[in-house]
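Take a look at the structure set out below.
The values are calculated or read from the model by the stated rules, or taken from the named source; none is laboratory data. Since we're looking at a predicted model, the values are computed, not measured. Note: ideal-geometry Cβ built from the backbone for every residue, glycine included; neighbour counts use all protein chains shown.
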Amino acid sequence: MAFDSWQEAIWMGGYGFYVWLSFGVSLLAIGMLVVHGLLVRKKLAIMAVQQQQRKQRLARRQQQERQAHNEQSQVKGAQ
Amino acid sequence: MNKASTWQFLRTIMQRDLAVALRRRSDIINPLLFVVIVVTLFPLAVGPGPDILGRIATGVIWVAALLSALLGSERLFRDDFLDGSLEQLVLLPAPLPVLALGKISVHWLLNGLPLVILAPLCALLLKLPIDAWGILMLTLLIGTPMLSAMTAVGAALTVSLGRGGALLSLLLLPLFIPLLIFAAAAVESTLVGTSAYGQVLLLAGLMLLTLTLAPLAVAAAIRVSVN
Amino acid sequence: MWKWLHPYAKGEATYRLLGAWLPWLSALAALFVAVGLGWGLFYAPPDYQQGDSYRIIFIHVPAAMFSMGAYTGMAIAALIALVWQIRTAEWAIAAIAPVGAVLTFVALFTGAVWGKPMWGTWWEWDARLTSELILLFLYIGVLALYYAFNDARTGAKAAAILALVGVVNVPIIHFSVYWWNSLHQGATITKFEKPSMPVEMLTPLLISIAGFLFLTAALVTQRLRNEILKQELHRPWAQQQLGVEAEHGV
């Protein structure tokens, strides 16, 4: 340890403000990059679920339409 | 046979570009007026004393030249892209970089060369000592072909975007920095009475490098934009 | 050799490979950065000239190194993307650029803060700081071009060309800026280039440099995985990856 106490380590011989400012902002910037990456992944997960739901909705709609069409043609066939 | 036809294509394209550009004279004149107006603004902003004006003259003229190079550059390929002739250019049985170099040459002839001729007027307005006029014009003569080549790269990259103006300056201005540094240093060293030989040689080397590589980049960028 | 590389041109294989690497890279990055910075902050002896303010070097120099290293890496990815038309390489450009830009910002910020106690100003037109500033502009340009197009493929290729144009220019810009600096500043002491550093300072610096190497790799890996998923979102495997994870809440 180059310092005698923690107070001195934070004080850094009078340069504490500059040292801690540069370390703090640097870690903050890199941390924000990591968090942004995680957020993007979360957003992608939401998008994937939405896409899946849309696909399912579309499939259901198509099935309904097909059924309706079939019923119609059955009615026509009966006539 | 093939070689001859490449030359023919090149000549036809350059003649066509010249004819089209000469029909739209305002595109040539407006950037020049821009330079003169910017140069006029500086004495009004910092005061008309010859000591301060003479010191900043080179920088002001060169920065104005860089900005004016960006002004018209959006149109370098835009019209060709919109009417489909850029696509035809890609399909021609001639090497695309050579044709790109032809277009760059025409652009320089119409936008770069007038700037060199205009330089003494700007130097006069900014009270640049008369000994430095020659070297200022020389740096512009060497530098403006590089400006044309680099703006062609940027214009080809952004041609398929609707509005590429601000983006284009973001892409290009950092790449102009070496040119600015060496050109300003050449004039500066003439002003203090030392030889500008080294700086001019460096500029000339940079120009050759740019004119060799930029057409390749322009060709690649056109291929990407057209597809 | 190309046969071995070929599967990684496909998104899924690369995604899985990167997924296997990511925990190791993150752990190594955390370990080396923590040890390097902790050692540098608390255990390295103070500099006889600059006192404790020199401790900024343990973050400034690694960040500056890999801000330029990342640009080179991005340019290599751009070359691969343009020559072999490998899509993973195109996405790597989008993954590397933000990481490089943040490292450039870190180098710039720490350099500026370091300048305050050393030179008395927050901003000094020092050669390294100036070229880091220009590098930041170059990164922003690549990113802006990448995201400017509606068609992602066109944007990636345009950004690739710009990255290659940039990498040709970076050495020229460096040389010109250093030359310009020597012209205008005469004989100022360059605080960054230490002719010889005692071992007690050099060791934590080297550990920190190794840490930033792993950190850069981990950050790029994370973003490249995201980019692959984003581009392959319509594929079943990507949805499976995300769908499973969405239920567990990432």
Lone unmet requirement of (1) in contact (Cβ under 8 Å) with a residue 24 or more places away in the chain; (2) surrounded by 15 or more Cβ atoms within 10 Å (Cβ to Cβ) for B:Leu121: (2)
Tally, over the stretch C:44-63, of residues that are facing chain A (nearest Cβ under 7 Å) and modelled with pLDDT under 85: 6
Subset of the stretch B:193-227 (residues that are within 11 Å of chain C (Cβ to nearest Cβ) and of a type in the set (Val, Ile, Thr)): B:Thr210, B:Thr212, B:Val218, B:Ile222, B:Val224, B:Val226
Qualifying residue in the stretch B:160-167 (condition: at the interface with chain C (Cβ under 10 Å from one of its Cβ atoms), of a type in the set (S, T, N, Q) and part of a helix (DSSP H, G or I)): no
Unmet criterion (only one of (1) modelled with pLDDT under 90; (2) more than 7 Å from chain C (Cβ to nearest Cβ)) for A:Val35: (1)
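Okay, residues lined up against (1) more than 13 Å from B:Val218 (Cβ to Cβ); (2) at pLDDT 85 or above; (3) under 17 Å from the mean Cα position of the chain (by Cα):
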site	(1), (2), (3)
B:Leu86	no, yes, no
B:Ser105	no, yes, yes
B:Val116	yes, yes, yes
B:Leu121	yes, yes, no
Boolean, C:Leu25 is at pLDDT below 80, closer than 25 Å to C:Glu232 by Cα, among the aliphatic types (A, V, I, L, M) and assigned to a helix (DSSP H, G or I): no
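Mind telling me which of the residues C:Ala13, C:Ala92 ends up being touching a residue at least 40 places away in the same chain (Cβ under 8 Å) and either closer than 25 Å to C:Ala160 by Cα or exposed (fewer than 14 other Cβ atoms within 10 Å of the Cβ) (or both)?
Step by step, each of C:Ala13, C:Ala92 is checked, and only C:Ala92 is touching a residue at least 40 places away in the same chain (Cβ under 8 Å) and either closer than 25 Å to C:Ala160 by Cα or exposed (fewer than 14 other Cβ atoms within 10 Å of the Cβ) (or both).
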Out of C:Ala29, C:Ala20, C:Ala97, sole residue that is closer than 29 Å to C:Leu206 by Cβ, touching a residue at least 12 places away in the same chain (Cβ under 8 Å) and out of contact with any Gly (no Cβ under 7 Å at 6 or more places or on another chain): C:Ala97
For C:Met74: the one exception among (1) within 18 Å of A:Ala29 (Cα to Cα); (2) buried (at least 19 other Cβ atoms within 10 Å of the Cβ): (1)
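Pick from B:Leu180, B:Leu140, B:Leu147: which is at pLDDT 90 or above, more than 25 Å from C:Ser182 (Cα to Cα), more than 8 Å from chain C (Cβ to nearest Cβ) and in contact with a Phe, Trp or Tyr (Cβ under 9 Å, 6 or more places away or on another chain)? Talk me through it step by step, then tell me what you get.
Working: B:Leu180 fails: more than 25 Å from C:Ser182 (Cα to Cα); B:Leu140 fails: more than 25 Å from C:Ser182 (Cα to Cα).
Sole residue among the options that is at pLDDT 90 or above, more than 25 Å from C:Ser182 (Cα to Cα), more than 8 Å from chain C (Cβ to nearest Cβ) and in contact with a Phe, Trp or Tyr (Cβ under 9 Å, 6 or more places away or on another chain): B:Leu147.
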Unique match (being at pLDDT 90 or above and either farther than 26 Å from B:Gly205 by Cβ or out of contact with any helix residue (DSSP H, G or I) (no Cβ under 7 Å at 6 or more places or on another chain) (or both)) among C:Leu164, C:Leu143, C:Leu133: C:Leu143
Filtered residues of the stretch C:118-144 (kept if free of Cβ contacts under 8 Å to residues at least 12 places away in the same chain and either in contact with a Phe, Trp or Tyr (Cβ under 7 Å, 6 or more places away or on another chain) or under 23 Å from C:Ala92 (Cβ atoms) (or both)): C:Phe137, C:Ala144
Breaking point among (1) within 17 Å of C:Ala148 (Cβ to Cβ); (2) surrounded by 22 or more Cβ atoms within 10 Å (Cβ to Cβ); (3) among the hydrophobic types (A, V, I, L, M, F, W, C); (4) facing another protein chain (nearest Cβ under 10 Å), for B:Ala155: (4)
Members of the stretch C:32-61 that are touching a residue at least 60 places away in the same chain (Cβ under 8 Å) and in contact with a Gly (Cβ under 7 Å, 6 or more places away or on another chain): C:Phe32, C:Val33, C:Gly36, C:Phe58, C:His60
